[in-house]
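> Sending over a structure as structure tokens; questions will come in a sec.
Bear in mind that the values in this text are calculations on the coordinates, not laboratory data. Computed from a prediction, not measured in an experiment: that's the story for all the values here. All Cβ positions, glycine included, derive from the backbone under ideal geometry; neighbour counts span all protein chains shown.
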Amino acid sequence: MEPNWSEAKKVALWNYEELMEKMLKVLSYKFVQEHYNHSMKEAADYATRLFGYDAKYAKKVGMLTEFFKKLDSLEVKNYVELARKTETKEKCREFLRKTRLPFEDLISTLNYIFRWVLPFNLYLRELIDPDDETQREYVEKLKKLGIRFNLDTLEQGRTVEGRKRISEEAGVPEIFLSGLVNHADLTRLPYSNRKTVKHLCAAGYGTLEKLAGTDLRRLTEDMKSYFDKVGIRLSRSFIDLEGISHWAKTIPRIVQD
């Protein structure tokens, strides 16, 4: 039976092969392979930890853990292998034929891995003040070194030595690079974007380490105080602080001080 490819776009917002291309691009980064390329047993455990703070995710966790168990029994080693086995429609058809797994469960799991587990790629311009000419010039200099995205920044600048090298080669101050790396680090939070990072930094949470080391009560107080000052009503539909607090403690640590 032919997979319902339109379901892929409905679930993931991109057509199937676009989703897989984007996923494999993220999985090509060395730090992603080192810190995120879970085995199927690790994947099941990570899903449980990631969603364990809220009972509303119980059904989702159940589906994911069961599917990862099936993949483990089929000797799928990790996310990279799963993506390679299903990266095109032709490969996906063959994978489903051999495994007899439901396409709906596969696309839901792939979408979860891409949107909830793996860090999302953002252009560097989304992490700076667009009105700051100096910052824009620094970003242009970084582009010449092939650093165009937040994940490029983490790949090359997550270590002290890496930031020093970039600073020297690009002619960009280390203090700017450190801030950029920390902003990029915050984008690894599930469903985080430039606005999320902007709000967290403005409220005093400019590093993942500080965010992870703060309890939810204090974080909520600080964020409410900040939002009150800028005239924004704090609500869970606007920013899920409970989730952010939990995820900050769950995602892997990759940036060196």
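> Of S235, T134, G206, which is farthest along the charge dipole of segment 124-250 in the positive direction, counting Lys and Arg as +1 and Asp and Glu as -1 at C-beta?
Going by the charge dipole, the pick is S235.
> How do Y112, Y226 line up, fewest other C-beta atoms within 10 Å first?
In order of increasing Cβ crowding within 10 Å: Y226, Y112.
> Nearest 20 debye, what's the magnitude of the dipole of the chain about its Cα centre given +1 on Lys and Arg Cβ and -1 on Asp and Glu Cβ?
Roughly 580 debye, rounded to the nearest 20.
> So, R0 is 25 Å and r is the distance between the beta-carbons of K85 and I232; what FRET efficiency does that work out to, to 0.05?
Efficiency, rounded to the nearest 0.05: 0.05.
> Okay, next question. May I ask you to derive the FRET efficiency for K77 and E18 from their Cβ-Cβ distance with R0 = 22 Å, giving the value to the nearest 0.05?
FRET efficiency, K77 to E18: 0.35.
> Also: With a/c under 1.5 counting as rounded, go ahead and sort segment 16-66 into rounded, prolate or oblate using the C-alpha gyration tensor (a ≥ b ≥ c being the square roots of the eigenvalues; past the cut-off, prolate if a/b is larger than b/c, else oblate).
prolate
> Another question, if that's okay. What number, rounded to the nearest 500 deg cm²/dmol, is the helix-based mean residue ellipticity at 222 nm of the chain, given -39500 (n - 2.57) per DSSP H run of at least four residues and division by all its residues?
My calculation for the chain gives -19000 deg cm²/dmol from helical runs alone.
> Next question, about the same structure. Using a Förster distance of 45 angstrom, determine the FRET efficiency expected from the C-beta separation of E104 and L145, and round it to 0.05.
Here the calculated transfer efficiency is 0.60.
> Over the chain, calculate the relative contact order: mean separation of alpha carbon pairs under 8 Å at least 6 apart, over the residue count, as a percent.
Value for the chain: 18 percent.
> So between E34 and T48, what do we pick up on full extension, going 0.36 nm a residue minus the alpha carbon distance?
Taking E34 through T48 to full extension adds about 3.0 nm, to one decimal.
> Please give the helix 40-51 orientation as an angle from the longest Cα principal axis of the chain, in degrees from 0 to 90, rounded to the nearest 10.
Result, in degrees: 50.
> Considering the dipole of segment 122-257 built from charges on the beta carbon (Lys and Arg +1, Asp and Glu -1) around the Cα centre, which of I254, I147, S192 is farthest to its positive end?
Final value for the positive-end residue is S192.
> For segment 186-220 and segment 34-63, what is the centre-to-centre distance using only Cα atoms, to the nearest Å?
21
> Using a simple charge model, +1 on the beta-carbon of Lys and Arg, -1 on the beta-carbon of Asp and Glu, nothing else, what dipole does segment 1-121 show about its Cα centre, in debye to the nearest 20?
That gives a dipole near 80 debye.
> Check cross-link reach from K70 to the aspartates and glutamates: straight Cα distance under 18 Å, and skip same-chain residues fewer than eight apart.
Here the aspartates and glutamates satisfying the reach criterion relative to K70 are E42, D45, E81, E94, E104, D105.
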